[in-house]
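The values are calculated or read from the model by the stated rules, or taken from the named source; none is laboratory data. Quantities reported herein were computed from a predicted structural model and do not represent experimental measurements. Note that each Cβ is placed from the backbone with ideal geometry, even for glycine, and that neighbours are counted across all protein chains shown. SASA here: full protein model, heavy atoms, side chains in, ligands and nucleic acids out. Shrake-Rupley method; radii C 1.70, N 1.55, O 1.52, S 1.80 Å.
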Amino acid sequence: MAILEVKGIYKKFGTTEVLKGIDFSMEEGEVLSIIGSSGSGKTTLLRSISFLETADKGTITLDGELVFDAANPLKRNSTKQREIQSKFGFVFQSFNLFPQYTALENVMLAPRLAAKEREDYKKNKKEIMAEIENDAKELLDRAGLSDKYHNYPCELSGGQQQRVAICRALALKPKIMLFDEPTSALDPEITNEVLKVIKSVADLGMTMIIVTHEMNFAKNISDRIIFMDKGIIAEEGTAQEVFENPKNPRTREFITSFSQTGGKE
Amino acid sequence: MNMQIVKTLFEGFGENLILFIVTIIAAVPLGFVITFGSMSKWAPFKFVARIETNLRNNRFWAEVLDFLADFRPISFVTRVFVWIIRGTPLMLQLFVVLYVPGLLLGIPMRNRMTAALIAFIINYAAYFSEIYRGGIESIPKGQYEAGQVLGMTKTQVLFKVVLFQVVKRIVPPMGNEIITLVKDTSLARVIGVAEIIMSAERFTKQGLIGPLFSTGLYFLAFNGILTILLSKLEKKLDYYKG
Ligand SMILES: Nc1ncnc2c1ncn2[C@@H]1O[C@H](COP(=O)(O)OP(=O)(O)OP(=O)(O)O)[C@@H](O)[C@H]1O
Ligand SMILES: [Mg+2]
C-alpha cells in the first residue's frame, strides 16, 4: 500500500495557476526527487503537502488516512491538524533555525512541547525529558555535530545549521521527510556534508521527497524522479529513465542544460 | 546651594518620577493593545473579492472593489489614531486632555497630574506600539513556518519562538523612547504640574538662576542610571546574533 498518495493537487495564487493537477504516490521507504526549472511549482507542491499552503483542489492520503481534502480542509491550529503536521518533517532552503536556542535546544523544543500533551507527562516528566534529550543528542551525533550541542545557530556554518535543521525535523519521528532545496543556500564546498546526512537518513529507510538542483545527487539517491514543468508532472520514472532516456522534450532540454553547466543553473 | 533649594528640587523631581513610572507601567501593555489593533487582519468586506460581476470590467469599479475587499477597519482606525498622536506635539495633547473633557462633556479635569498622566500614557503607548509592530514584522515568516511544521500551536510559536526575538529587537529602540520620556516629563509644567523645572522657576523669580540650571543634573543622573540598566539588559540579550 502506498504511504503517500497525492491526487489532483491544484493551486493558484491570485490568478496564476501554479499547480495544475499533480498526482503521484509513494511506497514506504522510497526516495523521490523532484526536479524542474525555476517557477515550475516544486516548492509550492512541497508546501501544499505539508500544509504551509492550502491547495485549492485535491486530496492527500497518508498511510491510508485522508489527511487533506481541499473540499473540506482541517482547521489550522486544530489538534488533529497539528498531529498530522508532525508526521511530515520539513527542511527549508533557509534552515529557519530558532536563533535564541542552541543546536540541542532547537532539536528538543518541539518534542518537549509535544510531550506535555502526553497523559503520563506529569508522572514521568524526568524520564520523558531525559529520553528526548538522549534522542536529540543521538541525532546530532549521527549528523556529525556531537561537539556542537551548545552552539547557537549564529555560531554554526550554513552546512552545520542545515544539519541541525534536519535533526530538528527528524526528532518528531516523521513518516515522511520533505526537503526543499536543502543545499541551495550553501557554498558548493559544504553541500556535500549536508547531502551525506540526507543520504544516511535515506539509508535508514526514511520515505522522502527531495526538491533539488543537485542532479548528480538526485541521480544517486533517488528511487524515482519527477520532472515538473509549468505546474504539471511532465515526466516520471527511475533515475535512469529520466536522465538517460527522457521521453519529454522539455525534460531533455532541462537535463542537457544542466550537464552543460555542470549542475548549476 | 542651600538645603531649601535642594529639597524643593527633589520634591519637584518626585513629580517627574511619578509621571515616568506610571507612564511606563501603563503604556508598555497599552502599546501592545494598540499594536494588535494596527496589525488586525479583520476585513469584513473580504467576500467582495469572490463576487463575480461585470463591474470589474471597469477600471474604476475594479479598484473600488479591490479596496473594499482589502479594507481593514480596526487596523485603519488604529493607524489613524497613532498618526494623530505621533503627528501632533505632546504639549498640545496635554492641553487637550486638560480642557476637552470639561468643554465637551462638562466634566472638568480637576487634577492636573491625572491629565498629564493620561496624555503621557496615550502618547507613549502610541510610540511603543509602533516599536512593537516593527519588532513583530521584522521576524522572518520562516520562523512561524518552522514552528508550524514542527506541530506547534500558534500560542507556542508566539511564546516559545517569536516573543524572545521580538523583545531582543525592541529593547534598543525602547531604550531610546524611555530616555526621551524622562526628559519629556518636564512638559507637564505647561498644564501646571509642579515638576522640577516649575519648582526651579520659583527661585528664578527671586533672582536665582542657579537652581534652574541645576535641574539638568537630576535628569542626567537619572538617565545615567537608566542607560546603565538598559545596556546591561541589552548585553544579556546579546548572547546570540540576529
Ligand atoms: N505566496 C505566493 N504568492 C504569489 N505567487 C507565488 C507565491 N509562491 C509562489 N508563487 C509563484 O508560484 C510559481 C511557482 O513557485 P515555486 O516557488 O513553487 O517554484 P519552484 O519550482 O520552487 O522554483 P525554484 O526552483 O525557483 O525554487 C512562481 O511563479 C512564483 O512566483
Ligand atoms: Mg523552490
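With the crude spin-label approximation of a point 7 Å out along Cα→Cβ, what separation in nm comes out for B:Ile51 versus B:Leu103?
Modelled inter-label distance: 4.1 nm.
Name the long-range amide H neighbours of B:Met39: under 5 Å, sequence gap of 5 or more, or other chain; modelled H, no Pro or chain starts.
Result for B:Met39 returns nothing.
Apply 1/(1 + (r/R0)^6) to the Cβ-Cβ distance of A:Thr256 and A:Thr15, taking R0 = 25 Å, and write down the FRET efficiency to the nearest 0.05.
0.15
Could I have the simple spin-label model distance between A:Lys230 and B:Arg110, label points 7 Å from Cα toward Cβ, reported in nm to one decimal?
7.9
For a Förster distance of 56 Å, can you work out the FRET efficiency between the beta-carbons of B:Arg59 and B:Tyr239, rounded to the nearest 0.05?
E(calc), rounded to 0.05, equals 0.55.
Taking the Cα centre of chain A as the origin, how large is its charge dipole in debye, to the nearest 20, when only Lys and Arg (+1) and Asp and Glu (-1) carry charge on their Cβ atoms?
780
Based on Cβ point charges of +1 for Lys and Arg and -1 for Asp and Glu, what charge dipole magnitude is obtained for the protein assembly as shown about its Cα centre, in debye rounded to the nearest 20?
With only Lys, Arg, Asp and Glu charged at Cβ, the dipole is about 1860 debye.
Out of residues 5 or more away from A:Gly89 or on other chains, whose amide H comes under 5 Å of its own, with H placed 1.01 Å from N in the peptide plane?
A:Lys175, A:Ile176, A:Met177, A:Leu178
Picking from B:Leu150, B:Thr53, B:Leu237, whose Cα lies most toward the positive end of the charge dipole for chain B (charges on Cβ: Lys, Arg +1; Asp, Glu -1)?
So the residue furthest toward the plus end is B:Leu150.
Only Lys, Arg, Asp and Glu count, each charged at its Cβ (+1, +1, -1, -1), so figure out the dipole size of chain B about its Cα centre, rounded to 20 debye.
It comes to approximately 340 debye.
When Lys and Arg each count +1 and Asp and Glu each count -1, what net charge do the other residues less than 15 Å away from A:Pro174, Cβ to Cβ, add up to?
-2
For chain B, what is the calculated [θ] at 222 nm in deg cm²/dmol (nearest 500), taking -39500 (n - 2.57) for each run of four or more DSSP H residues and dividing by its residue count?
One gets -24000 deg cm²/dmol as the mean residue ellipticity at 222 nm.
Once Lys and Arg get +1 and Asp and Glu get -1 on their Cβ, which of A:Asn106, B:Ala188, B:Pro29 lies farthest toward the positive end of the dipole of the protein assembly as shown?
It is B:Ala188, whose Cα lies furthest towards the positive end.
How many Å² of accessible area per residue for the stretch A:1-143, probe 1.4 Å?
Per-residue value: 46 Å².
Of B:Ile122, B:Val100, B:Ala221, which is farthest on the positive side of the dipole of the stretch B:89-242, counting Cα position, with +1 on Lys and Arg Cβ, -1 on Asp and Glu Cβ, and the Cα centre as origin?
It is B:Ala221, whose Cα lies furthest towards the positive end.
Contour minus end-to-end for B:Ser231 and B:Val77, with contour as 0.36 nm per residue of separation and end-to-end as the Cα-Cα distance?
Extending this stretch completely gives an extra 51.9 nm.
Starting from the Cα-Cα distance between A:Ser94 and A:Gln240, subtract it from 0.36 nm times their residue separation and give me the gain in nm to one decimal.
Computed gain between A:Ser94 and A:Gln240 is 49.5 nm.
What fraction, in whole percent, of alpha-carbon pairs in the stretch B:50-104 exceed 17 Å separation?
Of all Cα-Cα distances in the stretch B:50-104, 61 percent exceed 17 Å.
Would you grab the residues whose amide H sits under 5 Å from the one on A:Asp229? Only those 5+ places off in sequence or on another chain, please, with H modelled 1.01 Å from N.
Amide H to amide H, under 5 Å and 5 or more residues apart or across chains, A:Asp229 pairs with A:Ala234.
Under 14 Å from the Cβ of B:Ala119, count the other residues' Cβ atoms, weight Lys and Arg +1, Asp and Glu -1, and hand me the total. Mind showing how you got there, number by number?
Details: positive: B:Arg86, B:Arg112, B:Arg189; negative: B:Asp184, B:Glu195.
Every neighbour counted, the sum reads +1.
Against the longest alpha carbon principal axis of chain B, how many degrees, from 0 to 90 and to the nearest 10, is the axis of helix B:3-38 turned?
Rounded to the nearest ten degrees, it is 0.
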